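This report concerns only the one structure given below.
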There are 2 protein chains.
Amino acid sequence: MNLKELSSLLGLSQTTVSRALNGYSDVKASTRARVVAAAKEHNYLPNSRAQALATGRAMSIGHIIPRTAQHELVNTIFADFIAGASEAYSARGYDLRMVTVKDVDEFATYERLANTGAVDGFMLHGPTRDDKRIQLLNDLKVPFILHGRSSDCNQPYSWLDVNNRSAFKRAVDLLLDLGHTRVALLNGDENMDFAIRRREGFTLAHEQRGLEIDPSLMHSNEMSEPYGFETTRQLMALDAPPTAIVASALIPALGIQRAAHELGLKIGRDLSVICFDDALSYFPNGSGAPLFTATRSSVRDAGRRCGTLLIDRIEAADDAPVVTELWEAELVIGGSTGPNLAGMPRREA
Amino acid sequence: MNLKELSSLLGLSQTTVSRALNGYSDVKASTRARVVAAAKEHNYLPNSRAQALATGRAMSIGHIIPRTAQHELVNTIFADFIAGASEAYSARGYDLRMVTVKDVDEFATYERLANTGAVDGFMLHGPTRDDKRIQLLNDLKVPFILHGRSSDCNQPYSWLDVNNRSAFKRAVDLLLDLGHTRVALLNGDENMDFAIRRREGFTLAHEQRGLEIDPSLMHSNEMSEPYGFETTRQLMALDAPPTAIVASALIPALGIQRAAHELGLKIGRDLSVICFDDALSYFPNGSGAPLFTATRSSVRDAGRRCGTLLIDRIEAADDAPVVTELWEAELVIGGSTGPNLAGMPRREA
DNA sequence: ATCATTATCCAAAGCGCTTTGAATAATTCA
DNA sequence: TGAATTATTCAAAGCGCTTTGGATAATGAT
């Protein structure tokens with residue numbers, strides 16, 4: 001059933017039927033009612049390809065995921081983020097078009113999707129320092145929003161970010177207040193902007209108290225469980241091991257925990273741990289009381305909000321000013337932090 | 001730049017330019033070369049909305065994700081699966097259209113996407129016993145494929161599944177061979193078909209040796225870390241606790257591990273654990289030697305293969321026979337399994 | 001040299017919708 | 001009552017591609 005058939009069935013023009021269905025005010029109420037009823041009865045739905053061509057709107061948002069050997073963006077955090085974004089899209093009649101590409105094709109893919117009109121806008125994941133996608137998309141004049149920010153980028157752009165610097169500063173402050181003096185950092189990949197800012201917060205907290213940071217305590221990598229595990233073993237084998245660790249995510253924190261257990265260290269007593277908790281739905285930070293002390297911000301909520309902001313931009317005038325939103329993470333106290341005991345963790349052979 | 005502009009620029013008809021670009025043999029080689037060069041030079045790309053309307057092909061695959069209060073499909077496993085599928089799509093020029101819907105709207109959304117021609121086919125996630133989506137999509141005459149199977153469904157359908165029954169049977173066989181007699185099951189949500197089959201394998205292994213299963217050893221839930229943790233605590237508090245556990249995923253296995261540590265039990269000595277390992281890229285089962293003994297099958301590979309099979313079906317004749325593929329999981333021996341010591345795990349106060 | 005092929009190219013007709021610009025009918029105003 | 005509004009409806013022109021069904025020119029066969 002298409003428009004033509006439906007309208008001839010009703011004895012009306014395609015124009016009237018189309019306008020009736022699209023809520024224009026220039027069709028009589030009784031006519032609209034007839035049309036709507038007939039559409040429902042015959043299960044008529046406008047062909048979205050034709051609609052897209054006629055309106056110039058694809059009603060879809062592009063998410064481009066680069067594939068590389070080492071860097072894996074399709075991860076847990078990403079999954080929750082798009083779940084949130086997708087909720088926002090559905091609510092506004094848009095949907096999510098996801099394409100994974102070899103990293104070398106990434107730019108070309110943005111260009112293709114924009115120039116072929118396959119999408120109305122882009123969601124940008126995992127921005128790096130001075131992310132070149134920003135300039136590209138500004139030049140292409142296509143709406144987009146960053147989840148995160150891009151340090152050292154002097155182009156205008158819209159973003160939503162959690163205050164990673166203050167989150168990590170607060171985490172370190174808490175540990176220093178507890179008497180810890182050797183705090184390790186298990187950061188994410190420091191090509192990523194969020195990791196850069198987290199390191200800044202980590203550093204700032206130390207600086208404000210006039211503390212030097214031992215470079216051997218600072219690590220950066222993809223946030224996997226083995227990364228947490230192995231780095232912790234390495235750290236604890238140092239001549240002066242840390243008494244506390246700040247980790248960039250719950251997953252490496254689990255690795256830290258495993259290493260601690262193996263070494264006979266009790267988390268929260270012999271070793272304090274604070275992690276960033278993205279509040280992933282299927283990977284809660286404990287049930288009830290938080291397992292880990294954490295700086296928490298729901299990445300799913302962020303996705304939902306980013307989706308809404310992006311669609312607002314798509315539907316706004318081309319020259320609408322950029323929007324920015326900075327979220328503060330919440331600091332939740334769990335069982336993984338405690339005072340520094342005697343300046344050295346208790347060791348058991 | 002559109003077709004019309006490009007062709008007038010070249011002094012050719014739209015027909016010829018279009019056919020040149022689409023590789024038809026009725027255009028002179030030198031003409032094609034000119035056209036291709038000009039297209040490249042002017043950065044011409046056909047408008048995909050117009051193309052979709054003219055060809056009747058959306059070049060996109062639908063993934064519909066229901067949202068419910070309890071059941072969360074957008075999880076880790078799902079993320080890796082779509083990453084794989086998406087690779088297959090990109091390779092064939094398709095992309096992935098994902099929409100999350102309230103569970104009550106799920107069927108209507110399949111219908112809408114199919115009837116509006118927004119997608120060319122569907123990927124079905126997380127099939128249940130007698131999954132009603134199969135009949136719906138068969139009636140709609142739209143290509144689709146299941147990742148998994150649907151017990152008790154007598155409709156024809158294409159699927160790719162890992163042999164969950166044999167995987168769990170082998171896991172239990174191994175434990176029984178090691179002398180364990182009380183083996184617990186931490187299954188996934190038993191509304192899901194994969195969980196049903198895993199339980200069958202679990203049961204079958206016992207039956208073949210004439211062993212009764214204590215119902216209090218069998219659990220079923222969403223596969224989260226706290227689920228593994230709490231269930232293990234519960235199990236170990238029984239009068240006759242199990243000496244081995246089979247878990248449906250790595251994530252609850254981590255919870256098992258945490259509980260074991262808390263109880264002073266050493267995994268692989270006091271408590272044996274085997275889990276199903278979906279080989280998630282960012283959540284490896286240890287690095288190097290496997291952490292857990294596991295039945296392993298890459299869900300990402302499955303996604304890639306499902307994507308290819310689905311596109312094959314989309315591009316094949318409407319009456320092409322269904323395709324099915326059953327993968328055997330690999331059994332990898334890690335450090336989490338060992339012989340049953342004295343029939344009772346060592347307990348430490 | 002004539003007719004049948006083959007190689008190239010193109011005009012025009014869709015694909016199924018939205019939207020513009022008018023036409024017509026119904027009301028309102030003076 | 002006649003002019004001016006206002007309310008409804010519609011024919012036709014796109015949107016930018018692909019594809020059908022010829023044309024026309026070049027080549028081959030007889």
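Residues that are closer than 20 Å to residue A:217 by Cβ and assigned to a loop (DSSP other than H, G, I, E, B) within region A:256-268 comprise A:263, A:265, A:268, listed in sequence order.
The requirement of being surrounded by fewer than 19 Cβ atoms within 10 Å (Cβ to Cβ), under 17 Å from the mean Cα position of the chain (by Cα) and in a helix (DSSP H, G or I) is satisfied by residue A:301.
From the list B:144, B:168, B:229, the lone residue that is touching a Phe, Trp or Tyr at 6+ places or on another chain (Cβ under 7 Å), more than 28 Å from residue B:311 (Cβ to Cβ) and aromatic (Phe, Trp, Tyr) is B:168. Within the option set B:117, B:148, being of a type in the set (Gly, Ala, Ser), surrounded by 20 or more Cβ atoms within 10 Å (Cβ to Cβ) and farther than 29 Å from residue A:57 by Cα holds for one residue only, B:148. Scan region B:209-218 and tell me whether some residue there is surrounded by fewer than 22 Cβ atoms within 10 Å (Cβ to Cβ), within 27 Å of the chain's Cα centre (by Cα) and assigned to a strand (DSSP E or B). Yes, because at least one residue in region B:209-218 is surrounded by fewer than 22 Cβ atoms within 10 Å (Cβ to Cβ), within 27 Å of the chain's Cα centre (by Cα) and assigned to a strand (DSSP E or B). Only one of the listed residues (A:94, A:24, A:44) is crowded, with 23+ Cβ neighbours inside 10 Å and among the aromatic types (Phe, Trp, Tyr). That residue is A:94. Residue B:111 falls short on exactly one of the conditions (1) outside any strand (DSSP E or B); (2) acidic (Asp, Glu); (3) more than 10 Å from every other protein chain (Cβ to nearest Cβ), and that condition is (3). The single condition among (1) more than 16 Å from DNA strand C (Cβ to nearest atom); (2) at pLDDT below 95; (3) over 30 Å from residue B:224 (Cβ atoms); (4) within 12 Å of chain B (Cβ to nearest Cβ) that residue A:82 does not satisfy is (3). Among the numbered conditions (1) part of a helix (DSSP H, G or I); (2) within 19 Å of residue B:328 (Cβ to Cβ); (3) facing chain A (nearest Cβ under 10 Å), the only one that residue B:285 does not meet is (1).
Could you say which residue among B:64, B:134, B:82 is of a type in the set (Val, Ile, Thr) and part of a strand (DSSP E or B)? Answer to the check: B:64.
Going by the structure shown, is residue B:287 under 22 Å from residue A:78 (Cβ atoms) and small (Gly, Ala, Ser)? In short, yes. Taken over region A:277-296, the criterion of being over 16 Å from residue A:246 (Cα atoms) and either polar (S, T, N, Q) or in contact with a Pro (Cβ under 7 Å, 6 or more places away or on another chain) (or both) is satisfied by A:281, A:284, A:286, A:287.
Cβ-Cβ under 6 Å, sequence separation 6+ or interchain: first residue in region B:224-248 and touching a residue at least 12 places away in the same chain (Cβ under 8 Å), partner among the charged types (D, E, K, R). Which pairs? Within 6 Å, the pairs are B:229/B:258; B:242/B:182; B:243/B:182. Looking at residue B:55, is it away from chain A (no Cβ under 14 Å) and within 16 Å of DNA strand C (Cβ to nearest atom)? When the stated conditions are applied, residue B:55 does not pass them.
Take the conditions (1) under 14 Å from residue B:299 (Cβ atoms); (2) facing another protein chain (nearest Cβ under 7 Å); (3) surrounded by fewer than 23 Cβ atoms within 10 Å (Cβ to Cβ); (4) at pLDDT 90 or above; residue B:88 misses just one of them, which is (2). State all residues of region B:226-246 that are under 16 Å from residue B:272 (Cβ atoms) and buried (at least 24 other Cβ atoms within 10 Å of the Cβ); if no residue qualifies, say none. Answer for region B:226-246, where residues must be under 16 Å from residue B:272 (Cβ atoms) and buried (at least 24 other Cβ atoms within 10 Å of the Cβ): B:228, B:232, B:243, B:244, B:245, B:246. Would region B:170-189 turn up any residue that is more than 14 Å from chain A (Cβ to nearest Cβ), within 17 Å of the chain's Cα centre (by Cα) and in contact (Cβ under 8 Å) with a residue 12 or more places away in the chain? Among the residues of region B:170-189, at least one is more than 14 Å from chain A (Cβ to nearest Cβ), within 17 Å of the chain's Cα centre (by Cα) and in contact (Cβ under 8 Å) with a residue 12 or more places away in the chain, which makes the answer yes. Identify all residues within region A:28-43 that are within 8 Å of DNA strand D (Cβ to nearest atom) and under 44 Å from the mean Cα position of the chain (by Cα); write none if there are none. Answer for region A:28-43, where residues must be within 8 Å of DNA strand D (Cβ to nearest atom) and under 44 Å from the mean Cα position of the chain (by Cα): just A:32. Criterion applied to B:239, B:301, B:270 was being touching a Pro at 6+ places or on another chain (Cβ under 6 Å) and farther than 18 Å from residue B:185 by Cβ, and the one residue passing it is B:270. All conditions in (1) surrounded by fewer than 18 Cβ atoms within 10 Å (Cβ to Cβ); (2) near DNA strand C (Cβ under 9 Å from one of its atoms); (3) more than 30 Å from residue B:307 (Cβ to Cβ); (4) hydroxyl-bearing (Ser, Thr, Tyr) hold for residue B:8, with the sole exception of (2).
This table checks each residue for (1) of a type outside the set (D, E, K, R); (2) buried (at least 21 other Cβ atoms within 10 Å of the Cβ); (3) more than 30 Å from residue A:279 (Cα to Cα).
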position: B:176; (1), (2), (3): yes, no, yes
position: B:181; (1), (2), (3): yes, no, yes
position: B:187; (1), (2), (3): yes, yes, no
position: B:192; (1), (2), (3): yes, yes, no
position: B:200; (1), (2), (3): no, no, yes
position: B:206; (1), (2), (3): yes, no, yes
position: B:264; (1), (2), (3): yes, no, no
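In the set (1) crowded, with 19+ Cβ neighbours inside 10 Å; (2) farther than 28 Å from residue A:123 by Cβ, residue A:277 fails one condition alone, (2).
Restricting region B:17-43 to residues that are more than 10 Å from DNA strand C (Cβ to nearest atom) and part of a loop (DSSP other than H, G, I, E, B) leaves a set whose member that is nearest to the other protein chains (Cβ to nearest Cβ) is B:43.
The values are calculated or read from the model by the stated rules, or taken from the named source; none is laboratory data. This is a predicted model, so every value here is computed, not measured. When we count neighbours, we look across all protein chains shown, and the Cβ atoms used for this are built from the backbone with ideal geometry, even at glycine.
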